[in-house]
Amino acid sequence: MSNTEGCGDEPEAKTEAHPQSTCTTTLSGTGTTAIPESPGTPTTPGASQPPATTTTTTCTTSTAATEPGDAATTPASGNCGSSSAAAGAADGGGMPTVCIVIGMAGSGKSTLVQRLASHLSSEGKRPYCINLDPAVTSTPFQLNIDIRDTVRYKEVMSQYSLGPNGAIMTSLNLFATRFDQVVNFIEKRAHERKYVIVDTPGQIEAFTWSASGTIITESLGSTFPTVIVYVVDVPRSVANPSTFMANMLYACSVMYKTRLPLVLALTKTDVMSEALVVEWMKDFDVFHQALKSDTSYANDLMWSMTLVLDEFYNSLSYAAVSSITGSGMPEFFAAVDKAVIEYNTTYLPEMRKLQEKRMTEKARQEEAQLRKLKADLAKNKAKSTTAASTSRAHRPSDDGEAEGEDSSDPETDNVDEREEEDDEPTESAWDHND
């Protein structure tokens, strides 16, 4: 990658490319997908494993540049949400603000990330850039962590017989299983960087219902001040009120799903002014007038949803930006800083309450399982004692042995029992066991 505006210093590690060096990741009942392996330990290209019934992911802590000049990244290792970040915050050390950039495909997310990285670099603030889009061919900014170094999108599509969208979602799921390493790696840079910028794929459903989106947002949100940046394409929204409404519904859904503060980034203002979009959010009647030109069956629904979203608009922070001219950057970061205050005063205490509730529930379940285990062990012990007593009661005895005493030779017992037969045959312990 060349002529890119940097995200601070060089990536963590840069090594010679080994495009054929792979290891494997196995998903439940599916197959394998290739993951880069440390240089110097290549495996057979195209190697695969049979379907498995458990989830096992293998990843390495070093990566290689896949193309000359590309920024190599190093996946992190460690535990998600470890105590080092909390300890740093308690000591007064500033934790970096994580900005997760989300939006519909084509809304300008990657271009916005490039502008944000360029703006911060020009001010001497080195951002930490992460790419979560496994299908992107190139990025206009320098990366510190890249999902493409861990998960091979095309091989996922081929091995699991998936389409483009399904392969992207599966790649995110695979990457999410190793996201504790990403969190740990950011923690190591916590006192060097003020901002962490995360670029995401256009498959917005990853953050509305997929488990990978939940893992990513909760992992980051429980460790660092985290803000959702929802990107709205102003020209498209102004051209069609239904597109604007869809954007607002998605933004509202993401905010309530992630439980994190949200900043609306109104992009492409160099093409069209954001004034009408802002007016639609502030003035109910203006949007109603715009709906009159729409004669579709969804008109009444959008009219009703406007009433529902009124409270959402009142508490929403937004900033109009242009990724081409760079206008609106100070206002954008001011809105992000405001959202961080909201995170610390509102979201963080609520998140801690949820974590404590989960820990209490987990402890209760573990205690219940322990009690059940002890009860089962006691029941099995009682059954074993009863069975042993019954077995001894049915064993015959001779004059030289105590009643019920076992003989070391089963064949001798049978012979002794035959010799003791008088009028009625005695049930043999050997026959009883059979």
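The values are calculated or read from the model by the stated rules, or taken from the named source; none is laboratory data. Note that the structure is predicted; figures quoted are calculated from it, not measured. Cβ placement follows ideal geometry from the backbone for every residue including glycine, while neighbour counts extend to all protein chains displayed. Heads up: the accessible areas ignore ligands, DNA and RNA and are worked out on the full protein's heavy atoms, side chains in. Shrake-Rupley method; radii C 1.70, N 1.55, O 1.52, S 1.80 Å.
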Looking across segment 202-225 at residues that are in a helix (DSSP H, G or I) and polar (S, T, N, Q), the single one that is surrounded by the most Cβ atoms within 10 Å (Cβ to Cβ) is Thr217
If a residue must be within 17 Å of the chain's Cα centre (by Cα), over 15 Å from Gln114 (Cβ atoms) and not in a helix (DSSP H, G or I), how many such residues does segment 135-167 contain? 3
Filter pass, Arg115 being basic (Lys, Arg) and either buried (at least 24 other Cβ atoms within 10 Å of the Cβ) or touching a helix residue (DSSP H, G or I) at 6+ places or on another chain (Cβ under 6 Å) (or both): yes
Qualifying position, being open to solvent by 70 Å² or more (accessible area, probe 1.4 Å), assigned to a helix (DSSP H, G or I) and at pLDDT below 75, among Asp413, Asp399, Asp431: Asp431
Kindly state which helices (runs of 4 or more DSSP H) lie completely within segment 247-354 and contain at least 3 residues that are within 27 Å of Leu112 (Cα to Cα), open to solvent by less than 60 Å² (accessible area, probe 1.4 Å) and of a type in the set (A, V, I, L, M, F, W, C). 275-282, 329-342
What single numbered condition from (1) in contact with a Ser or Thr (Cβ under 6 Å, 6 or more places away or on another chain); (2) farther than 23 Å from Arg259 by Cβ fails to hold for Leu377? (1)
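State the number of residues belonging to segment 119-134 that are open to solvent by less than 20 Å² (accessible area, probe 1.4 Å) and not in a loop (DSSP other than H, G, I, E, B).
5
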